[in-house]
Amino acid sequence: MKSEIKIAIVLGIAIVVSVGAISTFFSTLDSELESKSILDDQEISLTNIDKSNFKKAPDLVGIAHFLNTTPEELVLEMKGKVILYDIWTYSCINCIRTLPYITAWDDKYSDEGLLIIGIHSPEFEFEKDIENVKLAIAKHGITYPVVMDNDWETWKAFENRYWPRKYIADHEGFIRYDHIGEGAYKETEKIIQQLLKERSQSLGLQIASAETFVDLEEFKHTSFRTPELYFGYKLAQGRNQLGNEEGFNPNRTISYQNPEKLDLHKFYLVGDWKNLKDSMKLESGSGSIKVLYHAKEVNIVTSNVAELEIFLDGMPLDEKYSGKDIKSENKITVSEPDLYNIVTSENSATHELEIKVNQKGFEMYTFTFG
C-alpha cells in the first residue's frame, strides 16, 4: 500500500511539473505574440503586416488654437508621416520631464518622416490661455505643432485619461504604440525607428536606419513619496488631502486656523482662503501653507504675483535644498501661472514644509512630489 502511495505521489508531481512547463511555454508564447503585434520582429516582412487588430488614430477635433502651424499646413504635413501624438499640459511636472526627449526626437527624426503633434489638454483654467501656452512652448524649445484641446474633445476621441500619454501611429494612420506617463524612452524610440523603417520600405525610400538612442539623464522617482495634493475642491473630490478641520467649503472664504500637528501627506492652510474649484485663493493680506511630506523634490503650481518665503523643518530653506526656481535665499517671486520647483535634494526624506505668502490674491493649485 505504501509503495502504491509513493508511485501515486511521484506521478502526481510529474504531472504538475509537466503542466507547469506547458503553461510556461504558452505564457511565453503569448507574450512573444503580443510583443510582435507591436514590435514586429525582424522575421516578419515590414511591408506585409496584418493591421486588423490596430485602431486608426482619431481626427484632431475641437481644437481652439493651432501653434507652430495652421490647420491647413497640419493636414498636409500629416499625410504619410509616422506621427507621435503627445497629450500633455504645461504645468504637469510629469509632462515637463518628458519634453527633452520629445524635442530631441523631433530634431533627430523629423527629416526622416516623423511628425510630432503636441495635444495640449489643460488641467487648470489658466492653461486654456493661448498666451500662457505660447510662453510654455518657447520656454521648453518646442518647434513642432501644438494644438490646444481646451474642451478635451481630442482627449476624449483618444479615450485618454492620463497626462502625459504618447500614441504613435504608423504612416497609414494605425496606432502601433501607446505609453502612459514618464519613462520607457528607449522602448519608445525603438518604435519610432521601426515605424520609420517600415515607412521607408513601403514608400520605396532610401533612408539610413538609426540604431543609437537619445541619451539624456532620466529623473529617478522614489518608490515611496507623497502623492499630488490638489487645492481645488472639484479636483480634490474623493481625496482626503486637506488637513484643517474646517475642510473644503466650495465657493466660500474660510478662516483656517494654525494646526496643532501635521499629518503626513496632507496640506494645511493658515489665513483667509477662498475655496475655488481648482485652487485656493488667499483673501487676507498674508497667510501660509504647511505640509508634512516624504519625497526628494517639491513643486508647486500657482498663479498671480506674490513673494513666497520657504521654510523647511522650521528653518529658512537651506541652499542645499533650494529648488531651481529659488533665486534669492529662501524666497521666490511667482508671477506667471506655472509650475515652480522649490525643493530639491539628493535623497528622499520626510520634511515639514511651510510657505509664507505676503500677497492677497495669490492662488495655489497643487503640490507635486518627486
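The values are calculated or read from the model by the stated rules, or taken from the named source; none is laboratory data. Computed from a predicted model, the values in this text were never measured in an experiment. No Cβ is skipped: glycine too gets one built from the backbone with ideal geometry, and neighbour counts run over all protein chains shown.
Here are a few things to note about the model shown:
- Applying the criterion of being of a type in the set (Phe, Trp, Tyr) and at pLDDT 90 or above to the residues of region 213-248, the residue that is surrounded by the most Cβ atoms within 10 Å (Cβ to Cβ) is Phe231.
- Residues in region 75-116 that are of a type in the set (Lys, Arg) and closer than 18 Å to Ile168 by Cβ were compared, and the one that is surrounded by the most Cβ atoms within 10 Å (Cβ to Cβ) is Lys81.
Quick grid of which residues meet (1) of a type in the set (Gly, Ala, Ser); (2) in a loop (DSSP other than H, G, I, E, B); (3) at positive phi:
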{"site": "Asp272", "(1), (2), (3)": "no, no, no"}
{"site": "Lys277", "(1), (2), (3)": "no, yes, no"}
{"site": "Gly285", "(1), (2), (3)": "yes, yes, no"}
{"site": "Ile289", "(1), (2), (3)": "no, no, no"}
{"site": "Lys320", "(1), (2), (3)": "no, no, no"}
{"site": "Ile332", "(1), (2), (3)": "no, no, no"}
{"site": "Asn341", "(1), (2), (3)": "no, no, no"}
{"site": "Thr344", "(1), (2), (3)": "no, no, no"}
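- Yes/no for Lys277 being under 24 Å from the mean Cα position of the chain (by Cα), surrounded by fewer than 21 Cβ atoms within 10 Å (Cβ to Cβ) and over 19 Å from Glu245 (Cβ atoms): yes
- Of the residues in region 142-150, none is not aliphatic (A, V, I, L, M) and not in a loop (DSSP other than H, G, I, E, B).
- Only residues that are among the aliphatic types (A, V, I, L, M) and either at pLDDT below 95 or farther than 21 Å from Asp107 by Cα (or both) were counted across region 134-157, and they come to 2.
- Pair list, Cβ < 7 Å and 6+ apart or interchain, from region 264-276 residues that are farther than 17 Å from Phe367 by Cα to residues that are of a type in the set (Phe, Trp, Tyr) and in a strand (DSSP E or B): Gly271/Tyr256
- Some residue of region 182-196 being surrounded by fewer than 20 Cβ atoms within 10 Å (Cβ to Cβ), assigned to a loop (DSSP other than H, G, I, E, B) and touching a helix residue (DSSP H, G or I) at 6+ places or on another chain (Cβ under 9 Å): yes
- Screening Ala210 on (1) at pLDDT 90 or above; (2) touching a helix residue (DSSP H, G or I) at 6+ places or on another chain (Cβ under 6 Å); (3) part of a loop (DSSP other than H, G, I, E, B) shows it passes everything except condition (1).
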